[in-house]
Amino acid sequence: MLDSSSAKAPQSAIIDLGAWLQSDTGIYVRDWEQAHLNALTADIFGFHAVQIGLPQICTLQANRMPYRWLTDKHIPPQRQAGDITPEAGAGQRFSCGAADDPDAEAIPVVVSHDFTELPFASQSLDLVVLPHLLEFAAEPHQVLREVERVLIPEGQIIISGFNPASLWGMRQAASRLTGASFLPRDGEFISLPRLKDWLKLLNMEVGRGHFGCYAPPCATQKWLHRFGFMEPAGTRWWPYFGAVYVVRAIKRVQGMRLIGPVLNKRPAASARAVPAANRVPTAQNSQLMQGLHGLPERQSDNQTEREARTDG
């Protein structure tokens, strides 16, 4: 039986991100992110690409890698993730993106797992996309550490999130007092400078962030369309105050210096013997020293004899 307090909770206070993306505001965000993700992933080459979470957005739609997968905490239901392709078995392939999108490409859901423990071998993936995952994860630092582990050197990660320094972020902060949430209230929005610091600690080279969705927090498509002029104006005049952002980073690994074969095979010359200082004199050394001291006396005696012969 449901608790009476939870039954009386306002409907607007309970917002799921997947359901929110089906609203007019969610479609506005989803269209902007889909266009920018397609532009970012189109020129990333490799073999293995993975999208973690949020099957409502097909982040790998424009990517051309031969092996692309989608992982989530659970297998998305058919009516939420799209129709099952007829050539695949039931429960094997689902269409990422909206169910009413005819251009959405089927990407297999390979496994359901915990986001803090990725079921992939170390250095096995070329591209990992995290659409709004860190802000709704219980341990975002652990998620980034796992992504850094599974990425190959020079592998890339793409992250999207809500910008707290925007009109939408201020509206969401004010909704904590009123109880009427505009965005999913369970998320802890992460600013782009903070996220860049986290990535740099993992030896990631962070690129320039892309901001978008500059319209005020309107709930209907009519008003969002009326404020459409703010998109080009915001990109030019206040680029860091967009409602959402997308950023890309590259995993850098310090390489070793390769040393070729040794061409000079001559043996190394032995070191010269150096006389030791303060050496204790032996018997032979003592006789040698005495002979050296008596040498000037013998020379003086011989010189005296030669002088006497000359006088005689």
**Prompt:** Which strands (runs of 3 or more DSSP E) sit wholly inside segment 95-164 and have at least 3 residues that are modelled with pLDDT of 90 or more and either open to solvent by 10 Å² or more (accessible area, probe 1.4 Å) or among the charged types (D, E, K, R) (or both)?
**Reply:** 151-162
**Message:** Just to verify a result, which residue in segment 177-211, among those that are part of a loop (DSSP other than H, G, I, E, B) and open to solvent by 90 Å² or more (accessible area, probe 1.4 Å), is farthest from ALA137 (Cα to Cα)?
**Reply:** ARG208
**Message:** Being farther than 23 Å from ASP72 by Cα, without any contact (Cβ under 8 Å) to a residue 12 or more places away in the chain and open to solvent by less than 60 Å² (accessible area, probe 1.4 Å) is the requirement here; does ALA174 meet it?
**Reply:** yes
**Message:** Within segment 222-229, does at least one residue satisfy the condition of being surrounded by 16 or more Cβ atoms within 10 Å (Cβ to Cβ) and among the small types (Gly, Ala, Ser)?
**Reply:** no
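The values are calculated or read from the model by the stated rules, or taken from the named source; none is laboratory data. In this text, all values refer to a predicted model and were calculated from it rather than measured experimentally. Methodologically, a virtual Cβ is constructed for each residue, glycine included, from the backbone with ideal geometry; neighbour enumeration extends over all protein chains shown. Just the protein is used for accessible areas: all its heavy atoms, side chains included, with ligands, DNA and RNA removed. Shrake-Rupley method; radii C 1.70, N 1.55, O 1.52, S 1.80 Å.
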